[in-house]
Structure formats: C-alpha cells, structure tokens
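S.K.: For reference, the structure I am asking about is given below.
The values are calculated or read from the model by the stated rules, or taken from the named source; none is laboratory data. Everything numeric in this text was worked out from a predicted model, so none of it was measured. Positions of Cβ are generated from backbone atoms using ideal geometry, with glycine treated the same way; all protein chains shown enter the neighbour counts.
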Amino acid sequence: MMLRIRAHLRYGGDFELKVDHEWPLEGVTGLFGRSGCGKTTLLRLIAGLERIRGAAVSFGDQQWQQGSKFVPLHRRRIGLVFQEHSLLPHLSVEDNLLYGYRRTPALLRRLHPPEVSAMLGIEDLFGRRIDQLSGGQRQRVSLGRALLISPQLLLLDEPMAALDTQTRREIMPFLGHMAAESGVPIIMVSHSPDEIERLADRIVFLQDGLIQRIETLHESLARPDSPLFDDAGAVSVLEGFLGEAGEDGVRPFGPSEARLWVPEAEQASGSRPTRILIRARDVSLSLVDPHHISIQNHLPVTIERIDPPTDSRCVVACRTADGQLVLAEVTSRAVSQLGLEAGKSLYMLIKSVALLE
Amino acid sequence: MPLFAKPGRLLLPLTLMLLTTALHAGDPVRIAAASDLRYALDDIVNLYREVHPDTAIEVIYGSSGKMTTQIINGAPYDIFFSADIAFPQQLKEKGLTTTEPAVYAIGRIVIWSNTLNAAKLTLEDLTSDAITRVAIAQPAHAPYGLRAKEAMQAAGVWDAVQSKLVFGENIAHAAQMAESGAAQVGIIALSLARFPELARHDHYLIDNALHNPLTQGYVVTRRGGNMPEALAFAGFMATDKVHDIMIRYGFVMPE
Amino acid sequence: MYTFGPAEWQAIDVTLRLCLYTTIILLLLATPLAWWLAKGRSRGRDVVQAIVSLPLVLPPTVLGFYLLVAMGPRGILGKTLEDLGFHHLAFSFEGILIASILYSMPFAVQPLTEAFSHLGRRPVEVASSLGAGAIDRFGTVIFPLTRSGFVVAATLTFAHTMGEFGVILMLGGSIPGETRVLSVLIYDHAEAMNYEAAHSLSLMLLIFAFVTLLVVYSFTRRFQVVRL
C-alpha cells in the first residue's frame, strides 16, 4: 500500500513544510526528526486533522485529499494514538475500547475485543474507571481502542514520550509485535533513535520541514552518517528468536552459528522475532577467540568495511555468520595495531549485560 | 437534560409561534390611558364589565406623550385616553385614528404632600428652604408635568424651584414619589389626590388660571376601528354613570 | 401574604414563556457560535466576540431604541414583515423574544465558549478517528464533557431574561398577556402605589435569582473538579 503526500505549508515567518513523496506502508514506518521539524504536522496532514490548502494525500487507491476533495478523519478509518493519554474521561475502559468498534460496520471488523485485549494484556481492565489505570495501562487501552476500529493505518504520535522508562519498557514489546500480529501498517512519530531502532522497519527522516531521506532500518544502520547515530553513537540491530532461559536465567538468541546469550528479559520467548540492540562502543574485536574471560559472546565475523576515523575512533562494520551487520567502535590505534582491513576474519566480543535494555 | 435531547420536537412549535405573529384573533380591547386616569378609569372599566361581562378589556397606563410614540411605532392599542387632546390630534394627522378626537374631561393639578399639610401650601411656599424635593411629571411628554411647569412659571417661582425638581415618568409616578416621602411635595393630578390612599392627606388646588387647560381627549385608533367592542366602550364614556365617576375624581366635565 | 390575581398569573405566564423560548433558541444559536469562537482561527473572532458581548456594557435603552426603530411599522424589519403580510414586531411577544435573545446572548455564549475552550481539541479528534461524525461527536463526547457549561449557560440565560426590564419596557410597552413581564408589572404596581403586590412579586424574583446563582456557582465548582 503506497502512501503519497504532496503539501506545501508556510507557518508564521520561519516554519515551512514542503513534502512531495511516496513510500510503501508495511510494518512500522518511523517518522524521525527533532522537535519542531514538522513530524506532527505531517502526521496530522495524513490523518486529516490539518487541512492544508493545495495538499494531496492518497493511500493506495483512496484519495484522501485532492483539490477540493477532502475525506474527513471519521471516514478514513485511521487509528490514532497520541503522546498523552487521550481516553474519554466520561466513559469506562470498556466503553472507550468499544467506542470505535461499535461504529465500525460489522463487515469491516477484522480485529475483535478478545484478541486485541489479549495482544495488549488488557483483559482484566474492562471494568475499571479511567482514573484507576496506570500510565502504561492507559496507553495500552488507547492502542486497543485504535486497533478495534480495524484501521487501514495506525498513526502513533510519540506514543511513549510521556511515559517513564519503566513504563516505556512495559509498552515497547506490545508495540513491537502489534504491527505484525494485527497486520495494520503503522506510522510512528518519534524523536528517539532508540524507539526507532527497536520498532521501525522503514524510516522517514524529516528535517526543517523537508523529508531528507526514506530508507529501511537496515539501510540506515548500514551507513556511517545515519542521523540515528547522532546522539548515542552507532548501533546495530539484530533480529532473531529468543530461546528458553537456562537455570542461570541466561537465554540463547539467534541461530547456533551466531549465538548470543542474553540475560533474562521480561519478554516471552516463542515464535515472535525479537530485536536486540548492540551499541558499537560495547563491542570489542579480537584476532583470536579468547578463553578465561567473563565476556560471554564470541562471534566469528568478517570485516566488511572500516569507516574513516573521527576523533581517532573508527566504526568497523562486521558481517556475522548468519549475514547480519554488527558495528564495533574502536580507536584508530587498535585498527593499526591489529592490522584490521576489509575481508579479515576475527572475533567479536560482546558483554551479555550490555544487551540488557 | 431532556429539554435538549430532541431539539426537533421543539423546532416546529417555535417556528409556528414565530410565523403566527399576524394572528391576533380574540384580542381584548386594549386601552392606552394617561396616568391621571389610573383610578377613575379602573372604576369605569369595572362598571362596564358588570354590564358587558363578555368584553375583555385591558388598560395600560403611561404618560400621554409616550403612549403616542408607542402608537406611532405600532403598539396595539384600540382606544387612547390622553391627558392632552393635542396628542390624539397628532395621531389623527398621521392617519392612525378612526374617530374624531373628543374631549372627555378637564383635569386639575394640586399640591400634595405626605409629610406637610399641603392644604396650607401655595406655589410660593415651594421656594422655602424647608422643602428640598418637589416631584412633577416629566414635562417633555407628560401633560400634567407641563401644566405644573406653566403654573410655576406663572407664579414666578420656576427658577427658584427648578433645582429641587424630581421628574416622574408620568403623573402617577410623580404621585408615587411624593407618597413614598422621597419627595416632600408633589404637583399631581387632582384625580390621583382623590384616590383613597392619597386622600388621607389634604391638597391645595392650583388656580387653573395659572396654566393652559388640561383638556383631556380620547380617540379610537385605526386598529380599534375594526373592533365593535372598542367603539362600544368609547360610546359608554358619554353616559351619565361615567360622568359621575369622573366628577367624583375631581374632573370637570366638558359642556 | 398577598395572593396573586389574574394580572400576576398572566405576567408569570408571559415571563416563563419568554424565558423558556429565549433559553431554548439561544442555546441552539449559541452552541455553534461558541464552538466557532472557541475553536476557529479566523481573525473575525474578536469582532464577533465584541458584538456578542455588547449587551454587557450597553445601556438596555440603546438596544431597545434600535430594536424599536427596526421592528416598528416604519422600520426595516417591521415594514418588510408587514409587506409580507405579517404583523410588525414592536409591542409584541415575538418582538421582546427577539430582544431577549440579543440581550441575553453573552450569557449563553460565554459559558459555552469557556467550556469548549476548556475541552481542548483532543477528545474530538479521538472521537473522529474512532469513526464518529459531527453530530455523533457532539452527542457522545462534546455534550457529556461540557454539560456543566450548558447548565450554566441555560440557567444564566433564563435568569437574565427574567431580570430584563429596560429593553422590554421600551420595545414591548406593558401589554398584559403579551409583553407585560414580571419586572414590568412590578414597576406598574409600584407606580400605582400597590406596594403589597409589588413586594410579593419582588420577593419572588429575589429568591429565584438567589437560587439561580447558587445553582450556577455549585455547578461551576463541580465543573472544575470534573475537569481534573
């Protein structure tokens, strides 16, 4: 399903939004950029909450806005979740959840309360009042309410920005598998590289009202100048399946030829693919497979590329045995001492506790 | 709030209500009357009702000038009893009347007080320092107010009294100001001073040579011309019984 | 205690009808207007807000005078109506109804504008995204969340209409069963030195006004609690 947007908006003297792009919607699209870059305006344009003159928006073969034609939000079948909790305060949890479901024609209902509440872990909240919910529960109910209209598209506007770290960790897994399980494409606005890396499949980079680039997460992680790396440095994302925890609580991740050991997280094991983030500065390189060392993860890799040093640090891109790309950040002195160059095989060492998020 | 639950149910009657402004069927005879008639005319109407119990009559009192303005602006009055026949004549010139303006009484003005013995007061006494407030009706639109002013001018006290004057909307209002004590003295209609509430106190009759006569005239309006009941009531005014009531209230009857 | 006669009952009937119709019509008119004032972005809002609020500062006689001029048989409105075969509006119930609607406008518009601004745009956007059209949104989200604003607007409008005097006297005269409302009847009674009647009617209005304000204040207080 292609999303096509054309809009030009001048706001006050200094803000300008200029967009003429299209991209396929599948999985999660992250709309990434700093505050004030126009992310939320773009999202509101897609939703039809902002009627910008001369703009054109189409979703697949549906024209949502074109010339004088304008489909109002309530006919677009778009699920919306906002930053702050937006449950209707005069309704119970159940009535909030079913508000949209009841207004969705039976023929269009693909998602139903039992499966959605199981997906989001909100089965036990139905009888509660809104003010009896925690922040995380409210956000999960908001997600459930949006999913229950069986939307064609789900728009999330910084859904975790107002949550504390603990709650964010609680919500993240639900968001992670929601796209896959519901089959609804998602556009998520975020200014947090971490959220994008954990959730997005494709990223729209927005800067000063202009779309700089649209690329997949893997494309973005593979280039040294990715804006995702600006604040916290280079990061790699591995996708795989988590196995059952052993007696010591450590769980296997990924295929045997590129096995990582991960300390127990709250996530359930099973059939869902999971993402693991590895910060490049947590990765060491060794020419031999060392023994008698506390580091649990020793992966055989091949160097694919060494980026030019900045501030005497180099990012070394390595390919694992199962074909995934992992970045290591080392000093340029280490590169010359070990004689590192593209094509060289060596071992990558990652502390297990560094994989804990 | 059930009122707003089904706005549709209210819209129809409201629309009908706004559209039926033209229908005034079954209206009573509406009389606009100068305020000096407040008590005399009440008695006359009560008498008329005894004879014609089926005729509904409503009387609205005010100053003659205001009543004239209201009729010019479309007020729904059928008969107009003015304290000065000049007003009905104005209406006639504008084509707003059915009958010829006719004199029904000559009015008189008196000095009345709730606190002082008015019988011993003269117009000259009004200049005394003991009297600080004198109530009269608004001369601009109330004939009794205008005659009071003329009388004071003729007596040569107008300039001295002017700063003490308080003005009632009409002559009944001026009387009420004096009755309440807010003004020590009022120059009011004799017909009001004869009303039992006010008759408890004496009054001083002002010489009618000091002012133009209060020639009170009435007229059936153009609107009242279509109403047999209005014409019937107008005819009733010429009867002896009515004259008796008017005389009792101090009016002088025309020849 | 003085017992009410036909004149009093007639005035009570006229007054209650006037207050009720004014309140209903004004809420229907004020709701979209207040919504526009609270949510619109047009520059004309300040002008409209100022016009709506004029009766708060204008002497009733100014409004009464212009309405009399417009509605009388020689006025623009009155003449047009007469040409169309209707009666002109001066000195009629419909005339004072229109005057009351204009005169009480700020008392309906301001509480609603306040309530709508307070509501914010979020609940409405949420309801649209969940498939609710405009009327549906009003009934299931906007009205339930601003109910107190409606109660305050209705109560204030009703009470303020009951307290009207100047405009009605000027435009309506004092015609029994048509334009003689309680406040005008009290004036008439006082002028006729019928103090007993004036007193009992005044006392009735005094108590009514007090109870009304009590209701308004208790609602505005609860309103704030609900919003938190």
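S.K.: Could you check, for segment C:117-124, whether at least one of its residues is within 18 Å of the chain's Cα centre (by Cα), more than 26 Å from residue A:154 (Cβ to Cβ) and touching a residue at least 24 places away in the same chain (Cβ under 8 Å)?
M.R.: Applying the first criterion (within 18 Å of the chain's Cα centre (by Cα)) to segment C:117-124 yields none.
No, segment C:117-124 has no match at all.
Residues checked against (1) charged (D, E, K, R); (2) within 14 Å of residue A:25 (Cα to Cα); (3) assigned to a strand (DSSP E or B):
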site: A:161; (1), (2), (3): no, no, no
site: A:168; (1), (2), (3): yes, no, no
site: A:188; (1), (2), (3): no, yes, yes
site: A:206; (1), (2), (3): no, no, yes
site: A:213; (1), (2), (3): yes, no, yes
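S.K.: Taking residue B:127, is it more than 24 Å from residue C:65 (Cα to Cα) and touching a residue at least 40 places away in the same chain (Cβ under 8 Å)?
M.R.: Details: more than 24 Å from residue C:65 (Cα to Cα): yes; touching a residue at least 40 places away in the same chain (Cβ under 8 Å): no.
So residue B:127 fails the test.
S.K.: Please verify whether segment C:61-73 includes one or more residues that are assigned to a loop (DSSP other than H, G, I, E, B), at pLDDT below 85 and either within 8 Å of another protein chain (Cβ to nearest Cβ) or out of contact with any Gly (no Cβ under 9 Å at 6 or more places or on another chain) (or both). Show your work before the answer.
M.R.: Of the residues in segment C:61-73, the ones assigned to a loop (DSSP other than H, G, I, E, B) are C:72-73.
Remaining after also requiring at pLDDT below 85: C:72-73.
Right, trim to either within 8 Å of another protein chain (Cβ to nearest Cβ) or out of contact with any Gly (no Cβ under 9 Å at 6 or more places or on another chain) (or both) and you get C:72-73.
Yes; the residues of segment C:61-73 include at least one that is assigned to a loop (DSSP other than H, G, I, E, B), at pLDDT below 85 and either within 8 Å of another protein chain (Cβ to nearest Cβ) or out of contact with any Gly (no Cβ under 9 Å at 6 or more places or on another chain) (or both).
S.K.: Still on this structure: How many residues does segment A:64-123 hold that are among the β-branched types (Val, Ile, Thr), in a loop (DSSP other than H, G, I, E, B), within 22 Å of residue A:152 (Cβ to Cβ) and more than 8 Å from chain C (Cβ to nearest Cβ)?
M.R.: First, the residues of segment A:64-123 that are among the β-branched types (Val, Ile, Thr): A:71, A:78, A:81, A:93, A:104, A:116, A:122.
Subsequent filtering for residues that are in a loop (DSSP other than H, G, I, E, B) retains A:71, A:104, A:122.
Of the ones still in play, those that are also within 22 Å of residue A:152 (Cβ to Cβ) are A:71, A:104.
Retained after the next criterion (residues that are more than 8 Å from chain C (Cβ to nearest Cβ)): A:71.
Going through segment A:64-123 one residue at a time, the tally reaches 1.
S.K.: Another question about this same structure. For residue A:118, all conditions in the list (1) in contact (Cβ under 8 Å) with a residue 12 or more places away in the chain; (2) more than 29 Å from residue A:203 (Cβ to Cβ) hold save one; what is the number of the exception?
M.R.: (1)
S.K.: Within the group A:141, A:189, which residue is surrounded by 21 or more Cβ atoms within 10 Å (Cβ to Cβ), in the same structural domain as residue A:26 (by TED's automatic domain parsing) and in contact with a strand residue (DSSP E or B) (Cβ under 6 Å, 6 or more places away or on another chain)? If you could, list the steps in order and put the result at the bottom.
M.R.: On the way: A:141 fails: in contact with a strand residue (DSSP E or B) (Cβ under 6 Å, 6 or more places away or on another chain).
On inspection, the qualifying residue turns out to be A:189.
S.K.: Which number in (1) surrounded by fewer than 16 Cβ atoms within 10 Å (Cβ to Cβ); (2) assigned by TED's automatic domain parsing to the domain that holds residue A:34; (3) part of a strand (DSSP E or B) marks the one condition that residue A:225 misses?
M.R.: The one condition residue A:225 does not meet is (3).
S.K.: Scanning segment C:103-122 for residues that are crowded, with 19+ Cβ neighbours inside 10 Å and either of a type in the set (A, V, I, L, M) or within 14 Å of chain A (Cβ to nearest Cβ) (or both), which turns out farthest from residue C:161 (Cα to Cα)?
M.R.: Among those residues, the one meeting the criterion is C:119.
S.K.: Given B:160, B:154, B:130, B:148, which one is outside the structural domain of residue B:81 (by TED's automatic domain parsing) and closer than 22 Å to residue B:36 by Cα?
M.R.: Details: B:160 fails: closer than 22 Å to residue B:36 by Cα; B:154 fails: closer than 22 Å to residue B:36 by Cα; B:130 fails: closer than 22 Å to residue B:36 by Cα.
It is B:148.
S.K.: Among the residues of segment B:128-169, how many are acidic (Asp, Glu) and assigned to a helix (DSSP H, G or I)? Please lay out each step first, then the result.
M.R.: To start, the set of residues in segment B:128-169 that are acidic (Asp, Glu) comprises B:129, B:150, B:159, B:169.
Of the ones still in play, those that are also assigned to a helix (DSSP H, G or I) are B:150, B:159.
The qualifying residues number 2.
S.K.: Check residue B:196 against each of (1) crowded, with 21+ Cβ neighbours inside 10 Å; (2) within 12 Å of chain C (Cβ to nearest Cβ) and name the one condition it does not meet.
M.R.: Single failed check for residue B:196: (1).
This table checks each residue for (1) farther than 20 Å from residue B:81 by Cβ; (2) surrounded by 20 or more Cβ atoms within 10 Å (Cβ to Cβ); (3) touching a strand residue (DSSP E or B) at 6+ places or on another chain (Cβ under 8 Å).
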{"residue": "B:129", "(1), (2), (3)": "yes, no, no"}
{"residue": "B:141", "(1), (2), (3)": "no, no, no"}
{"residue": "B:144", "(1), (2), (3)": "no, yes, yes"}
{"residue": "B:155", "(1), (2), (3)": "yes, no, no"}
{"residue": "B:160", "(1), (2), (3)": "yes, no, no"}
{"residue": "B:171", "(1), (2), (3)": "no, yes, yes"}
{"residue": "B:174", "(1), (2), (3)": "no, yes, yes"}
{"residue": "B:178", "(1), (2), (3)": "yes, yes, yes"}
{"residue": "B:186", "(1), (2), (3)": "yes, yes, yes"}
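S.K.: Mind counting the residues in segment C:76-89 that are more than 8 Å from every other protein chain (Cβ to nearest Cβ) and crowded, with 19+ Cβ neighbours inside 10 Å?
M.R.: Of all residues in segment C:76-89, those more than 8 Å from every other protein chain (Cβ to nearest Cβ) come to C:76-77, C:79-80, C:82-84.
Still in the running and crowded, with 19+ Cβ neighbours inside 10 Å: none.
So the answer is 0.
S.K.: If you check C:141, C:151, which single one turns out to be aliphatic (A, V, I, L, M), outside any loop (DSSP other than H, G, I, E, B), within 14 Å of chain A (Cβ to nearest Cβ) and out of contact with any Lys or Arg (no Cβ under 7 Å at 6 or more places or on another chain)? Walk me through how you get there before you give the answer.
M.R.: Working: C:151 fails: within 14 Å of chain A (Cβ to nearest Cβ).
Exactly one residue qualifies, and that residue is C:141.
S.K.: Assess whether residue A:44 counts as being closer than 21 Å to residue A:205 by Cα and either among the hydroxyl-bearing types (Ser, Thr, Tyr) or assigned to a strand (DSSP E or B) (or both). So that I can check it myself, show each step before the final result.
M.R.: Working: closer than 21 Å to residue A:205 by Cα: yes; either among the hydroxyl-bearing types (Ser, Thr, Tyr) or assigned to a strand (DSSP E or B) (or both): no.
When the stated conditions are applied, residue A:44 does not pass them.
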